Each structure stands twice: as structure tokens, then as C-alpha cells.
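Structure first, then comments.
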Amino acid sequence: MKNKIIAAETERLILRRYLKEDLQDLFEYLSDKEVVKYEPYKPLTFDEAKDNLEWRIGTEEMIAVECKDSHKMIGNVYLGKRDFEALELGYVFNRNYWGYGYAAESCKALIGRAFLNSIHRIYAECDPDNRSSWKLLETLGFHREAHFRKNVYFWKDEAGKPIWKDTYVYAKLNELHS
């Protein structure tokens, strides 16, 4: 792979910008209905994944997670810039790599780097039904700040009415620069 811009490395992972060569790996996990179950989009087709990859290549906010041993891209971490020196954290991983600590390892590395770069606060939102997601946030030292009731919807029912969902909001403050 050429022009691999590395954001961070861990013992097992390379955290980097997306490359055109990531298309098949990206499609593999974004087309899995179980992986995108709590996301605001449906499983992607190959053409949709191709378009989505172009966007990922053009942004610094989406960070590809690659296994060092196999060079397979297994997921992504999102660090979106927000107001007041804050970032929004998100993550999506290939289901075949769940339960091995890859999400925690990659998030921990990127959170540490962000705090060293004077980011004040990192927050994340998740569905209360997505226990794995909020348990990961708690493992990373995030604190639940809010439980918004029926505050968002991504889909509508057959009658065109919103299917409302709750949201947990978690945050972690930079204790290095408090």
C-alpha cells in the first residue's frame, strides 16, 4: 500500500487514513446488518461502500484500523471536530473482530493522542440497547452524562411516523490540561 498516513500505532494495530485498497474490507463490515444495527444507515451495497470510501479518504475524521499481522482493515474510529476544543468519538468494527479488544485498543490510543494535542473533552452518543458500546465507553473511563428519551429517529414506520430512539451521552475530560 502506498501513501499510508499513520495516525497512531499500538502493539497490534495501525491507525491510519483510508486508502482505495480498503474497499473490500470496508464493504465487508458496512454491508453486515448486525454491524450497522445501531447506525443511522442501512447495510451498504458495494457501490454505496465505494462512494462512502471516497468520503473517508477525503476526511481526517475517519481513521481506519488495520491489524499489523494480517494488514486487514477491520474497522474504524471516528473523531469528529466539534466546538470548544471537543471531539465526538464513534467506532464501527467488522463483526469477525469483536471481542478481541481492538476497539478499546484503538480508541485508547487516539484518545491519548487527542488529549496530548490539548483537546478538552471527548464525547460519544450511543443507543442504550447497544450494551457493548456503552460498556466500552465506561471501560475507557467515560462517564454517562445524559439519557435522552425518544430524542432521535433514523427510520419511519409503514405509516410514515418516526421510530423514536433514546440516546446515552458519555464524555471524558482531558485531565492533563484541566
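Numbers below:
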| item | result |
| --- | --- |
| Flag if V65 is farther than 22 Å from T167 by Cα, touching a helix residue (DSSP H, G or I) at 6+ places or on another chain (Cβ under 6 Å) and buried (at least 19 other Cβ atoms within 10 Å of the Cβ) | yes |
| Every residue from segment 135-174 that is free of Cβ contacts under 8 Å to residues at least 12 places away in the same chain and either under 23 Å from A104 (Cα atoms) or open to solvent by less than 100 Å² (accessible area, probe 1.4 Å) (or both) | K135, W155, D157, A159, G160, P162, I163 |
| Scope segment 106-147; condition among the β-branched types (V, I, T) and assigned to a helix (DSSP H, G or I); matching residues | I111, T139 |
| First in segment 107-130 and under 16 Å from T10 (Cα atoms) and open to solvent by less than 20 Å² (accessible area, probe 1.4 Å), second anywhere and in a loop (DSSP other than H, G, I, E, B) and polar (S, T, N, Q), Cβ under 9 Å, 6 or more apart | A114/N174 |
| Search result, residues across segment 60-77 that are in a strand (DSSP E or B) and either among the hydrophobic types (A, V, I, L, M, F, W, C) or in contact with a Gly (Cβ under 8 Å, 6 or more places away or on another chain) (or both) | M62, I63, A64, V65, C67, M73, I74, V77 |
| Count of residues meeting criterion [farther than 12 Å from E21 by Cα and either in contact with a helix residue (DSSP H, G or I) (Cβ under 9 Å, 6 or more places away or on another chain) or free of Cβ contacts under 8 Å to residues at least 24 places away in the same chain (or both)] in segment 49-62 | 9 |
| Residue match in segment 2-14 (condition: under 25 Å from T167 (Cα atoms) and in contact with a helix residue (DSSP H, G or I) (Cβ under 6 Å, 6 or more places away or on another chain)) | no |
| Candidate set from segment 78-105 (those that are open to solvent by less than 30 Å² (accessible area, probe 1.4 Å) and in a strand (DSSP E or B)); member that is farthest from E34 (Cα to Cα) | A86 |
| Answer from K72, K37, K33, K42 - the residue that is out of contact with any strand residue (DSSP E or B) (no Cβ under 8 Å at 6 or more places or on another chain), surrounded by fewer than 20 Cβ atoms within 10 Å (Cβ to Cβ) and modelled with pLDDT of 95 or more | K33 |
| Test: residue in segment 48-57 that is assigned to a loop (DSSP other than H, G, I, E, B), among the basic types (K, R), in contact with a strand residue (DSSP E or B) (Cβ under 7 Å, 6 or more places away or on another chain) and surrounded by 13 or more Cβ atoms within 10 Å (Cβ to Cβ) | no |
| Qualifying position, being closer than 17 Å to E39 by Cβ and not β-branched (V, I, T), among R113, R144, R131 | R131 |
| Some residue of segment 148-157 being among the aromatic types (F, W, Y), more than 22 Å from E66 (Cα to Cα) and outside any strand (DSSP E or B) | no |
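The values are calculated or read from the model by the stated rules, or taken from the named source; none is laboratory data. A quick note: this is a predicted structure, and the numbers were derived from the prediction, not measured. Cβ coordinates were reconstructed from backbone atoms using ideal geometry, including for glycine residues, and neighbour counts include every protein chain displayed. Ligands, DNA and RNA are stripped out before the accessible areas are found, and what is left, the full protein with its side chains, is counted by its heavy atoms. Shrake-Rupley method; radii C 1.70, N 1.55, O 1.52, S 1.80 Å.
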